Number of protein chains: 2
Amino acid sequence: MKLELQIKMNPSLYLRDPEQSELGKNIIKHSIQIIHDNGFEAFTFKKLAESIGTTEAGVYRYFENKHKLLVYIISWYWGWIQFQLNYQTNNIKDPIVKLKKVITLLSTNVEDDITTGHVDESQLHQILISEGSKAYLTNHVGKDNKQEFFKPYKELCNSVGEIILECNPKYKYPHSLASTIIEMAHLQNFFMNHLPSLTDFSKSKNESEIIKYLEDLVFNTIRI
Amino acid sequence: MKLELQIKMNPSLYLRDPEQSELGKNIIKHSIQIIHDNGFEAFTFKKLAESIGTTEAGVYRYFENKHKLLVYIISWYWGWIQFQLNYQTNNIKDPIVKLKKVITLLSTNVEDDITTGHVDESQLHQILISEGSKAYLTNHVGKDNKQEFFKPYKELCNSVGEIILECNPKYKYPHSLASTIIEMAHLQNFFMNHLPSLTDFSKSKNESEIIKYLEDLVFNTIRI
DNA sequence: TATTTATGATAGTAATACTATTATTTAAAA
DNA sequence: TTTTAAATAATAGTATTACTATCATAAATA
């Protein structure tokens with residue numbers, strides 16, 4: 001029996017469920033590839049269709065527009081991270097160890113996970129670093145939020161916040177600190193690679209330095 | 001004598017200096033207005049031209065494209081913040097007081113400053129919250145960085161980093177912490193207003209809560 | 001076998017992001 | 001003051017993007 005990890009997605013994000021057909025899976029797979037390679041701005045449904053070997057209209061049958069497709073793959077990523085978090089912190093009692101695991105999970109560029117055939121998690125992690133915030137930094141955040149497009153992100157933020165509270169039940173800003181960790185795990189990575197003078201990480205450009213920075217930040221803040 | 005604050009801008013950002021003509025100043029003024037009202041995605045040179053009462057070609061004589069115009073107004077903002085920082089922390093000896101001033105400066109939506117006629121700093125602050133990161137989250141960061149588009153931002157980050165070191169000369173991540181403060185002053189504000197469950201700020205949606213969060217974060221981190 | 005459903009192929013539209021050209025006004029230099 | 005140069009306005013045009021619509025065909029299902 002083949003184990004396949006299925007992440008439950010918000011149906012408002014798509015017109016036809018991409019998990020349910022080969023074409024759909026190809027749309028996801030090639031979207032990740034193209035956005036990873038050229039950035040979201042340069043990504044068009046036409047290029048995507050050509051890369052798959054279908055037509056623009058074919059893609060439009062699955063996704064209303066490229067923004068929803070971006071939000072889809074980003075939601076997928078957060079869902080996957082949530083799964084990893086639950087899996088990796090399962091049975092760990094010490095909340096400090098848990099929180100360290102979370103920081104590492106958020107900061108590390110994972111190997112491609114074989115259990116999710118059409119998704120390259122490593123590329124997706126890179127996409128999140130450069131394009132993640134574009135999911136919500138729009139004029140229509142409010143509408144999107146009402147449709148629960150950001151639920152996986154919020155749930156993750158909540159989970160991290162809970163672990164923070166386990167470490168220090170009196171800490172006053174668990175959600176803000178959680179969103180700070182999540183965002184900074186990505187942003188400091190972007191800065192390290194593209195605007196290094198905004199960071200203090202050596203030329204080696206190693207993720208382990210970001211992890212050290214975040215651990216120092218978090219554990220001093222919650223006073224452990 | 002009328003005092004006018006002039007922020008020195010990188011000439012690679014424009015084709016013709018917008019400070020040197022009425023049309024130029026109008027381009028800046030109306031750009032800020034439109035981007036503030038509709039977001040950067042919905043902002044086009046055509047709309048801008050119509051709003052000013054000139055033609056698209058007229059705008060293109062000043063700016064090569066809308067991205068450079070965005071980077072221009074964002075650079076202007078960081079230059080202005082740098083000036084405010086120097087001005088407001090001048091003669092203050094206690095670095096802790098200085099750092100608190102900086103956090104407040106970055107987190108507070110200022111009143112429109114009369115000394116800069118065509119720029120509405122309050123709107124600009126809002127733009128930075130929603131659109132600031134789009135200046136560098138592009139495929140061409142590298143190129144833009146080589147042309148020193150992000151110099152004002154880096155300089156500010158450096159100044160903040162220096163104050164952090166004055167507070168604690170042994171702190172290991174002054175630049176990363178500085179960029180974290182700068183980015184989070186904006187991002188927590190965005191979350192507070194649009195995705196409040198990612199924060200711990202009450203329904204009052206008051207900037208003072210962000211300031212408290214950041215002060216707690218920063219001074220615990222550098223162990224004051 | 002009939003019928004629904006997904007896909008493929010093609011066409012078309014409005015808007016965007018520009019470039020180019022020429023005429024006209026304004027400002028600076030001779 | 002005249003000449004000349006520079007800035008602007010007016011108009012047109014192009015390639016690309018972000019879609020919508022239509023119709024034929026292939027595959028799956030009843």
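The values are calculated or read from the model by the stated rules, or taken from the named source; none is laboratory data. Nothing here was measured: the structure is a model prediction, and the numbers come from that model. Note: ideal-geometry Cβ built from the backbone for every residue, glycine included; neighbour counts use all protein chains shown. Only protein heavy atoms, including side chains, enter the accessible area calculation; ligands, DNA and RNA are left aside. Shrake-Rupley method; radii C 1.70, N 1.55, O 1.52, S 1.80 Å.
Odds and ends about this structure:
- Accessible surface of the range A:73-221 [probe 1.4 Å, protein heavy atoms]: carbon and sulfur percent: 50
- Extent of the protein assembly as shown along its three principal axes (Cα atoms, max minus min coordinate, largest first): 83, 55, 43 Å.
- With 26 Å as the limit on Cα-Cα distance, the pairs of A:LYS98/B:LYS172; A:LYS66/A:LYS146; A:LYS134/B:LYS172; A:LYS46/B:LYS154 that go past it are A:LYS134/B:LYS172; A:LYS46/B:LYS154.
- Efficiency of FRET from Cβ geometry, A:LYS46 and B:ASP94, R₀ 51 Å, rounded to 0.05: 0.30
- Inter-copy label distances at A:LYS143, using a point 7 Å along Cα-to-Cβ, come to 3.2 nm with the shortest given first.
- Filtered GluC sites (Glu not before Pro), the range A:125-180: DSSP coil and at most 16 other beta carbons within 10 Å: A:GLU148
- For the options B:HIS194, B:HIS186, B:HIS175, a Gaussian network treatment of chain B with springs between C-alpha atoms closer than 10 Å singles out B:HIS194 as fluctuating the most.
- Note that chain A shows a convex hull volume over its alpha carbon atoms of 138 Å³ per residue.
- Residues of type lysines that A:LYS93 reaches as a straight line, Cα spacing below 16 Å, ignoring anything fewer than 8 places off in the same chain: A:LYS101
- Listed residues B:GLU19, B:GLU56, B:GLU41, most fluctuating in chain B (Gaussian network, C-alpha, under 10 Å): B:GLU41
- Leaving ligands and nucleic acids aside, the B/A contact buries around 4100 square angstrom of accessible area in total at a 1.4 Å probe radius.
- Per residue, the convex hull spanned by the Cα atoms of the range A:56-108 measures out at 87 cubic angstrom.
- Estimated FRET transfer efficiency (B:ASP17, B:GLU155; beta-carbon r; R0 22 Å; 0.05): 0.60
- For the range B:14-89 versus the range B:153-216, the gap between their alpha-carbon centres in whole angstrom: 26
- Radius of gyration over Kirkwood radius for the range A:28-144, both on Cα atoms: the Rg/Rh ratio is 1.03.
- The trypsin sites (Lys or Arg not before Pro) found in the range A:74-166 that occupy coil by DSSP, while having at most 15 further C-beta atoms within 10 Å, are A:LYS93.
- Nitroxide proxy distance, nm - points 7 Å out along Cα→Cβ at B:HIS140 and A:ARG223: 5.0
- 20 Å reach of a label modelled at B:LYS8, 7 Å along Cα-to-Cβ, counting backbone N of the range B:124-149: B:145-149
- Computed over the Cα atoms of the range B:128-224, pair by distinct pair, the Kirkwood hydrodynamic radius stands at 14.9 angstrom.
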